[in-house]
Every structure is written in C-alpha cells, then in structure tokens.
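A short reminder: the numbers here are calculations on the coordinates, not readings from a lab. Because the structure is a prediction, the values reported are computed rather than measured. Cβ: placed from backbone, ideal geometry, glycine included. Neighbour counts: every protein chain shown.
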Amino acid sequence: EVDPDIDFNAGVFSIDVSSQAVRQLLFKLEGLGIEQIIPTSGTGWETLTYDFSSVAGNVGSVTAITLIMDNGTAGDGSGDWTIQFDNIRLCSNESSGGGNELEECEGGELVNDFETADNSIFTDFDGGVGTIIDNPDTSVNPSAKVGQYVKNAGAVFAGITIAVDPNIDFN
C-alpha cells in the first residue's frame with residue numbers, strides 16, 4: 001500500500017529485475033485497476049519499463065503496487081520461479097508515447113531501493129512470498145539489498161503487493 005495515495009496522471013514506472021527464466025511480470029497499479037505485463041529476459045539483471053500513458057483509466061489515485069509472475073501457471077518454488085527486484089522508480093508523469101521504449105529511468109523519483117526496508121513492506125497473497133535479501137549478484141546491480149519474490153510450488157495465482165514509503169505525489 002502507498003500512504004498517502006499517489007495522485008497519478010499517465011506516468012511511467014521502471015523496476016530492476018533479475019530472473020533465471022523468462023517470466024511474464026505483471027505490474028499493477030492498485031486503486032486504478034490498471035496493469036501491464038512485460039516478459040523478463042531470463043538472463044539476469046535488467047530494467048523493465050511500464051508505460052501507462054496510453055492505458056485507459058490512467059488518471060486517479062494509486063493505493064499500492066502489485067507484482068504477479070506468470071499468472072495462471074503453477075510454480076514449483078525453485079530458482080526458476082524466483083525474481084529479484086530493486087529500484088522501483090516513478091520515471092514520469094503526464095507522459096506521452098507507449099510501449100517499453102524507455103531503457104532507463106534517468107532522474108526518476110526512487111520509489112523504493114529496498115536498502116532500508118524489511119519484509120513488512122510486502123503483502124503476500126495466494127502462494128507468493130516477498131522478502132528482503134542480501135544481493136546475490138552485485139556484478140551488475142551493486143545494491144547491498146534487493147527484494148525477492150518466489151512463486152511457491154503449485155501456486156497458479158500468486159503475487160506480492162509492495163508498500164511505498166514515503167508516498168509519491170504522482171501529479
């Protein structure tokens with residue numbers, strides 16, 4: 001959950017992710033009920049950019065951010081069903097364009113870098129587990145801590161919601 005809510009107006013978010021398998025990562029803005037799905041490369045650390053500027057319903061209050069991995073596919077709890085993530089950024093507001101054209105979010109507002117967070121920022125649901133861990137690979141992402149999301153064995157619908165503190169003024 002975000003507290004206070006984010007006053008959102010057609011913005012762009014980015015998130016650094018690392019996965020060992022190609023996974024469809026849903027990024028949902030709660031409160032607006034809008035979401036986008038972008039696949040990971042499955043080759044380690046990369047930045048995914050979610051551009052909500054052309055998505056219907058892209059103006060209003062965002063109350064939380066939810067991540068769901070491969071919705072509808074059962075996980076097995078292994079490393080192939082684990083995504084590490086870091087540096088959620090609000091890249092822009094009132095943006096134009098569409099798609100995943102932004103490679104990086106230079107100068108964006110950092111929503112969470114997970115360095116001082118603890119596991120209480122996650123709300124796990126239906127077979128997904130979010131934790132803060134020591135970064136297992138600092139060769140590409142030098143952060144000491146990262147978030148980790150595991151889709152448990154047999155979980156078909158599983159995800160985590162990430163609290164954002166401080167809240168973001170998205171206008």
What does the highest-first list of 36-42, 157-163, 50-56 look like by mean Cβ count within 10 Å? 157-163, 50-56, 36-42
Mean-position separation - Cα centroids, the stretch 73-88 and the stretch 1-55, in angstrom: 15
Treat each spin label as a single point 7 Å out from the Cα along the C-beta direction, and report the Asn119 to Asp76 distance in nm. 2.5
Phi to ³J(HN,Hα) by Karplus 6.51 cos²θ - 1.76 cosθ + 1.60 over the stretch 22-34, Hz, x for Gly, Pro: 5, 9, 7, 10, 7, 10, 10, 9, 5, x, 9, x, 10
Between the modelled labels at Asn152 and Ser61 (7 Å from Cα along Cα→Cβ) the distance in nm is 3.2
Between Lys145 and Leu110, what FRET efficiency follows from the Cβ-Cβ distance if R0 is 22 Å, with the result rounded to 0.05? 0.95
